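Step one of this worksheet: look at the structure below.
Just so it is clear, none of the values below were taken in a lab; they were calculated from the coordinates. What you see is a predicted model; the values in this text were computed from it and never measured. Reconstructed Cβ throughout: ideal geometry from the backbone, glycine too, with neighbour counts over all protein chains shown.
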Amino acid sequence: MARKKIALVGAGQIGGTLALLAGQKEMGDVVLFDIAEGMPEGKALDLAQASPVEGFNAKLGGGNDYSVIAGADVVIVTAGVPRKPGMSRDDLIGINTGVVKTVGEAIKTYAPNAFVIVITNPLDVMVWVMQQASGLPPERVVGMAGVLDSARFRYFLAEEFGVSVEDVTAFVLGGHGDTMVPLVRYSTVAGIPLPDLVKMGWTTQEKLDAIVQRTRDGGAEIVKLLKTGSAFYAPAASAIVMAESYLKDQKRVLPCAAYLTGQYGVSDMYVGVPVVLGAGGVEKIIEIELSAEEKAMFDHSVDAVKTLVDVVKKQEAGKA
Ligand code: A3D
């Protein structure tokens, strides 16, 4: 059986880490595309030279011509610019919309059968732009944010409770940004919901509220420390889990930015919701019942995404 092909569009901090992880996990052959001359080839060669040491079999290559992504089974998109300290994700919309549109058109030409995972910010809008530009069916175009946001939540909770990260599950809904909605009643330590753990005296409501806020600000905390860019190890690991679920038809239940057609009262937009990811891409969108307070937070988050989608629509109308 031929190896799968994973194309990484954008070979920067996240793209390079994606290539390493995809190689180490033997998910398939990897190609890196970037506009920076020599850089994707350089990273591919460096990683290929790590393969005998690490003991993985994967062909790695790269280039500045979109034809390198031809026939890819999975395309992960990080092309664009990341945040600098003091910038919000939304500040990136002007530059990154044009970049993602170009990438979408290239995917339409060279890899129309791929499963596409978008990481470029502002996430929920960029994945919408990608679907429009590529014309791929919405179930094969998703955005990575929820896996990362819930991983941050899980890590902070595991630290607070002094337990393994593996035994903490977390549930995050809504857009990727300051309005994301961490759902505490669906987040657990070994199946025990967080509100019960407060009742049991394992933590306090104040501490839990602080962790929720730290999760919302998780990206900004890292931007502030790094000074020259944004997080890349955990974002790459999160997208790899999504790619693996698709390639191996694992049917994992993961929070992803998915195209909604009426679920949660939202239409024609990408927002973070739990989905089943398998060989068919987004095979099912899981719609849970929200309390009035949760629904209000979710709607606020959706409004924030909608405002940005409208900005893009206006930009495009201005160009027409
Ligand atoms: P960085 O290391 O700058 O890599 C981006 C790469 O894109 C660079 O190598 C650029 O040369 C390349 N690039 C720029 N324009 C184009 C183009 N037109 N075509 C192809 N490649 C191009 O950034 P990064 O890897 O740290 O981050 C990439 C993106 O991910 C940014 O938009 C971040 O904001 C975003 N990000 C999202 C999350 C989410 O959770 C959604 C988390 C972290 C970062």
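With charges only on Cβ, +1 for K and R and -1 for D and E, what is the dipole size of the stretch 1-139 about its Cα centre, in debye, rounded to 20? Don't jump to the answer; show the numbers that get you there.
Working: 11 positive and 14 negative charges, 25 e Å.
For this selection, approximately 120 debye.
If you restrict to DSSP beta bridges whose two residues both lie in the chain, what percentage is antiparallel, to the nearest 5?
50 percent
Would the stretch 32-140 count as rounded, prolate or oblate if I go by the C-alpha gyration tensor, calling it rounded below 1.5 in a/c and otherwise prolate when a/b exceeds b/c, oblate otherwise?
Oblate is the answer for the stretch 32-140, as a/c is 1.5 or above yet b/c matches or exceeds a/b.
Which one of 253, 210, 200 is farthest out on the positive end of the charge dipole of the stretch 171-269, using unit charges on Cβ (Lys, Arg +1; Asp, Glu -1) and the Cα centre as origin?
The residue sitting most towards the positive pole is 200.
Can you list which of the trypsin sites (Lys or Arg not before Pro) found in the stretch 95-198 are DSSP loop residues with at most 16 other C-beta atoms within 10 Å?
Of the trypsin sites (Lys or Arg not before Pro), not one in the loops of the stretch 95-198 has a Cβ with at most 16 other Cβ atoms within 10 Å.
Okay, which of the stretch 82-109 sit inside 11 Å, backbone N to the point 7 Å along the Cα-Cβ direction of residue 224?
86
Please give every one of the aspartates and glutamates within straight-line cross-link reach of residue 306, meaning a C-alpha to C-alpha distance under 17 Å, and leave out same-chain neighbours fewer than 8 residues apart.
Hits, sequence-local ones excluded: 90, 91, 124, 178, 268, 316.
Using per-residue counts of other Cβ atoms within 10 Å, averaged over each peptide, order 218-229, 126-137 from highest down.
126-137, 218-229
Along the Cα-to-C-beta direction of residue 279, a point sits 7 Å from the Cα; which residues of the stretch 126-149 have their amide N less than 17 Å from that point?
140, by backbone N distance to the label point.
Multiply the residue gap between residue 95 and residue 207 by 0.36 nm, knock off their C-alpha separation, and tell me the result in nm, one decimal place.
Gain on stretching residue 95 to residue 207: 36.5 nm.
Hey, got the dipole for the stretch 159-231? About the Cα centre, +1 on K and R Cβ, -1 on D and E Cβ, debye to the nearest 20?
Dipole size: approximately 180 debye.
Just add up the charged neighbours of residue 37: K/R +1, D/E -1, any other residue whose Cβ is under 15 Å from the Cβ of residue 37. List each step's numbers first, then the result.
Values: positive: 43; negative: 34, 41, 65.
Net charge in that neighbourhood comes out at -2.
Angle, helix 39-54 long axis vs. longest principal axis of the chain, Cα atoms, 0 to 90°, nearest 10?
For 39-54 against the chain, the angle is about 80 degrees.
Per DSSP helix of 4 or more residues, -39500 (n - 2.57); summed, then divided by the residues of the chain. What does that give at 222 nm, rounded to the nearest 500?
My calculation for the chain gives -14500 deg cm²/dmol from helical runs alone.
For the stretch 260-320 and the stretch 64-134, what is the separation of their Cα centres, given in Å?
Cα centres, the stretch 260-320 to the stretch 64-134: 18 Å.
Rounded to the nearest 20 Debye, what is the dipole magnitude of the chain about its Cα centre when Lys and Arg each give +1 and Asp and Glu each give -1 at the C-beta? List each step's numbers first, then the result.
Numbers: 30 positive and 37 negative charges, 79 e Å.
That gives a dipole near 380 debye.
With a 10 Å Cβ neighbour count serving as the proxy for reagent exposure, in which order, fewest first, do 215, 204 appear?
Fewest-to-most ranking of 215, 204: 204, 215.
As a footprinting exposure proxy, order 216, 3 by other Cβ within 10 Å, with the fewest listed first.
Ranking 216, 3 by Cβ neighbours within 10 Å, fewest first, gives 3, 216.
Using +1 at the C-beta of Lys and Arg and -1 at the C-beta of Asp and Glu, which of 311, 39, 121 has the Cα lying farthest in the positive direction of the dipole of the chain?
Positive-end residue among those listed: 39.
Sort the following peptides by mean Cβ neighbour count (other Cβ atoms within 10 Å, averaged over residues), highest first: 19-32, 188-201.
19-32, 188-201
Sort 310, 90 so that the residue with the fewest other Cβ atoms within 10 Å of its own Cβ comes first and the one with the most comes last. Display every interim value, and only then the final one.
Working: 310 11, 90 17.
Ordered by Cβ neighbours within 10 Å, fewest first: 310, 90.
What's the local net charge at residue 152, with K and R +1, D and E -1, over the other residues with C-beta under 14 Å away?
On the way: positive: 154, 214, 216; negative: 149, 159, 160, 178, 217, 221.
Result for the neighbourhood of residue 152: -3.
Can you compute the FRET efficiency between residue 37 and residue 288 using 1/(1 + (r/R0)^6), with r the Cβ-Cβ distance and R0 = 45 Å? Round to the nearest 0.05.
On the way: r = 48 Å, r/R0 = 1.06.
E(calc), rounded to 0.05, equals 0.40.
Rounded to the nearest 0.05, what FRET efficiency do residue 57 and residue 164 have when you use their Cβ-Cβ distance and R0 = 45 Å? Mind showing how you got there, number by number?
Working: r = 31 Å, r/R0 = 0.70.
E between residue 57 and residue 164, to the nearest 0.05, is 0.90.
Would you mind telling me the antiparallel percentage of the DSSP bridges in the stretch 1-156, rounded to 5?
Just about 0 percent of them are antiparallel.
Taking the Cα centre of the stretch 57-142 as the origin and placing charges on Cβ (Lys, Arg +1; Asp, Glu -1), which of 102, 60, 135 is farthest toward the positive end of the dipole?
Farthest towards the positive end: 60.
Once the Cα atoms of helix 13-24 and of the chain are each reduced to a long axis, what angle between those two axes, in degrees from 0 to 90 to the nearest 10, is obtained?
It is inclined by approximately 80 degrees.
Tell me the angle of helix 123-134 to the major Cα principal axis of the chain, expressed in degrees between 0 and 90 and rounded to the nearest ten.
40 degrees
For the pairs 59/248; 84/248; 5/25; 108/313, flag any whose C-alpha to C-alpha distance is greater than 24 Å.
84/248
Sort the stretch 261-320 into rounded, prolate or oblate with this rule: let a ≥ b ≥ c be the square roots of the eigenvalues of the Cα gyration tensor; rounded if a/c is under 1.5, and if a/c is not under 1.5, prolate when a/b is larger than b/c, oblate otherwise.
Oblate is the answer for the stretch 261-320, as a/c is 1.5 or above yet b/c matches or exceeds a/b.
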